[in-house]
Every structure is written in structure tokens, then in C-alpha cells.
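The values are calculated or read from the model by the stated rules, or taken from the named source; none is laboratory data. None of the values given here were measured: they were computed from a predicted structure. All Cβ positions, glycine included, derive from the backbone under ideal geometry; neighbour counts span all protein chains shown. Heads up: the accessible areas ignore ligands, DNA and RNA and are worked out on the full protein's heavy atoms, side chains in. Shrake-Rupley method; radii C 1.70, N 1.55, O 1.52, S 1.80 Å.
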2 protein chains.
Amino acid sequence: MEQRLTLVTLGVKDIARSAGFYERLGWVRSVRQAEGVAFFQAGGIVLSLYPRAELAKDAGLAPEGSGFPGIALAYNTRTREEVDAVLTEAVAAGGTLVRPGYEIFWGGYVGFFADPDGFLWEVAWNPMFPLTEDGAIVLPA
Amino acid sequence: MEQRLTLVTLGVKDIARSAGFYERLGWVRSVRQAEGVAFFQAGGIVLSLYPRAELAKDAGLAPEGSGFPGIALAYNTRTREEVDAVLTEAVAAGGTLVRPGYEIFWGGYVGFFADPDGFLWEVAWNPMFPLTEDGAIVLPA
């Protein structure tokens, strides 16, 4: 197994509603002819929106689940100021502000929003993790 | 907001246990001096292991949650044969086989495993989504 992650699938209630949210953030769908799924190129990986019940079925699992999903997607910003701007943008696009920007113990500035299905996004300025021009993080050893 | 995702945080019960699982898959940690968190470079993004209760606290949310988390990470393979090999490797490393490889309706071959906290990984051979040499997916328009 190579050390990588290639795609993240969010199991959503309504693909059109969820895709609309990401499109209002300025994201553009790829592979638009694909039915019953929405794909967004997200840097070198793919964010996929797929019906929650179908995702559970594909895995052979029961779809029931509630509460904190225990996972967060992160959008790292290039500047500290950008954190508040992205949170505002997310709320304007129909997301929910979960926690406004604050100074976190490790020296960064972060805030959280949720997408229409409650998936948690951390918007983070981390001065220790600079981004490449194309938005990738390359960690120090 | 740029169209990208930079980091995925898994809220785990025991970082050493979870990090050990990914290390047994051959993954190598970065930023090893960071305490209370484990970082793995995963292609152009980062997979981070962080205590579940701390993740909920950072977001200002209650940590309770159960059942299907509604999200799946995917590892796309370069060949169909690789799917079974990766599932076997994951089980040998201490993961749980959730669903053995099978031919899925969209023309691929997929299987699922869960990591020690139950986070779902889909191992997928998708002939429509070829990988670049460095393991990125670049979607067709």
C-alpha cells in the first residue's frame, strides 16, 4: 500500500442540495455525466458526494448513525485573515457556523463550519504547515 | 475559497494504537516531535490522528456519536488485483475486513476495511479514474 489517500466520500441526504453548497463556494464539478454521484477535484484528491444509504450498502453496513462522526476535513488557509473570510463564505453558501475563528493552543487560528449534512470542516491557519502554490501541504520530516 | 481539501483528521481513541496500524501498513509519520497528534503525509494532503474527545472540544461539539459515520476514505489502486492485496495487508496490520472485494455496479472492483476506530476505507479499482505516477487522481471534466 502506498502512503496516500485518493478520495473522500461524504454520504449525503440529497446530492443536489450538497453539491449546490460546494458550488456556491465556487467549486466546479467534474465528470458531470456521472449519475447519482457528484465529484469535485480537491487538489490531488477527489471529494465525492454520494447517497448515505448507498454508501452504507456498498460497504455492507447498516446506515444508522448519529451524533459526532469523529472526523473532520480541513481547509488550510494561506493567511490568518483568510480563516474568517472562508467561514463567512461558507455560511453565505448555506453552511452552519459551528465555531467562529479562535486562537488554538498549538499556535494557529481555526474555526469550524458544517456542510448541509453536518460534515465538519476545520478552517485552519497553521503557520508551521505552509502550503505549496497549488495548495498541497508538504510536511517537514 | 480554493477548490481543495488539505487535511483529514480522524478522531481516535488511542493515538499509539491507531498510528501503529498505519505504520504496519508501511506508512511513515512526519513531524514526529508533535505531541498528542500523529501526522502522515498522504499524497498532497495530510492524514492526522488526534484524540476524538479533543477534536470534538476544538469544534465546541459534544463528542457523543455512534453508528455509521457516513463518510469513507478511499484508496484507489492502480490495478484490480491490488484491491485484494491491500485488503489482506490491512487485516494483517490489525484492521477489520468489512466487505471483501466485489464487482460494483459502476464497473469497478472494490472492498472495504475499517481501521482500529472503525473508520471506513474503500479500496477501489476504478478504471475510469487512472492515477498519476505519484498517486493523485485527476478527474476528466
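I'd like to check which strands (runs of 3 or more DSSP E) are fully inside the range A:41-117 and have at least 1 residues that are more than 7 Å from chain B (Cβ to nearest Cβ) and open to solvent by less than 20 Å² (accessible area, probe 1.4 Å).
On the way: elements: A:45-51, A:65-67, A:71-76, A:96-103, A:109-114.
Output list reads A:45-51, A:109-114.
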Among the residues of the range B:11-29, write down those that are more than 26 Å from A:TRP121 (Cβ to Cβ) and crowded, with 16+ Cβ neighbours inside 10 Å.
-> B:LEU25
Out of all the residues in the range A:127-138, which are facing chain B (nearest Cβ under 9 Å) and either assigned to a loop (DSSP other than H, G, I, E, B) or open to solvent by 50 Å² or more (accessible area, probe 1.4 Å) (or both)?
-> A:MET128, A:PHE129, A:THR132, A:ASP134, A:GLY135, A:ALA136, A:VAL138
Residues located in the range A:24-40, provided they are out of contact with any strand residue (DSSP E or B) (no Cβ under 6 Å at 6 or more places or on another chain) and outside any loop (DSSP other than H, G, I, E, B) = A:ARG24
Residue check: is B:GLY26 at the interface with chain A (Cβ under 9 Å from one of its Cβ atoms) and touching a Pro at 6+ places or on another chain (Cβ under 8 Å)?
-> no
Some residue of the range B:1-8 being closer than 26 Å to A:ILE137 by Cβ, open to solvent by 60 Å² or more (accessible area, probe 1.4 Å) and in contact with a Gly (Cβ under 9 Å, 6 or more places away or on another chain) | yes
Inside the range A:72-108, can you point out the residues that are within 18 Å of B:GLU2 (Cβ to Cβ) and hydroxyl-bearing (Ser, Thr, Tyr)?
-> A:TYR75, A:THR77, A:THR79, A:THR88
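Per-residue answers, yes or no, for (1) of a type outside the set (Gly, Ala, Ser); (2) modelled with pLDDT of 95 or more:
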{"site": "B:ARG24", "(1), (2)": "yes, no"}
{"site": "B:VAL31", "(1), (2)": "yes, no"}
{"site": "B:GLU35", "(1), (2)": "yes, no"}
{"site": "B:PHE39", "(1), (2)": "yes, yes"}
{"site": "B:GLY44", "(1), (2)": "no, no"}
{"site": "B:GLY60", "(1), (2)": "no, no"}
How many residues does the range A:1-13 hold that are more than 8 Å from chain B (Cβ to nearest Cβ) and over 12 Å from A:ASP115 (Cα atoms)?
-> 0
